[in-house]
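The values are calculated or read from the model by the stated rules, or taken from the named source; none is laboratory data. All figures in this text were calculated on a predicted structure; none of them were measured in a lab. For neighbour counting, all protein chains shown are included, and Cβ atoms are generated from backbone atoms with ideal geometry for every residue, glycine included.
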């Protein structure tokens, strides 16, 4: 696990016991489940950053990074290939799912179709300040 390799079939029966004891952690779902050494291990060996890098960022952080990129490029728009460069550790379908969530939340809008689409932030109406008379 430390080297990022798959758990051999002969050892898979022991994995759950290691998870229960907090020695390793499971993340992901379905066939995409991965295991890494626990946060405590990386704290013990003084490599907290390595833990974060291996675990990856959470869903909301990834969405925030995509939204920040889209907002910074509000004039020109952002294409899918640009957004994939923002999160290089994710697959195209993972990035597309995050984009779909941002669109559903009405935070971004699409112009165009398929791979030729451009993504823009949703325009927010400016609120005029209350005039005191």
So for region 15-22 (the condition being exposed (fewer than 13 other Cβ atoms within 10 Å of the Cβ) and in a loop (DSSP other than H, G, I, E, B)), does at least one residue qualify? yes
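If only one of 57, 98, 67 is surrounded by 12 or more Cβ atoms within 10 Å (Cβ to Cβ), touching a helix residue (DSSP H, G or I) at 6+ places or on another chain (Cβ under 9 Å), at pLDDT below 85 and closer than 30 Å to residue 113 by Cα, which one is it?
Exactly one of 57, 98, 67 is surrounded by 12 or more Cβ atoms within 10 Å (Cβ to Cβ), touching a helix residue (DSSP H, G or I) at 6+ places or on another chain (Cβ under 9 Å), at pLDDT below 85 and closer than 30 Å to residue 113 by Cα, namely 57.
If you go through region 70-86, how many residues are surrounded by 15 or more Cβ atoms within 10 Å (Cβ to Cβ) and either under 17 Å from the mean Cα position of the chain (by Cα) or over 15 Å from residue 122 (Cβ atoms) (or both)?
Total meeting the criteria: 7.
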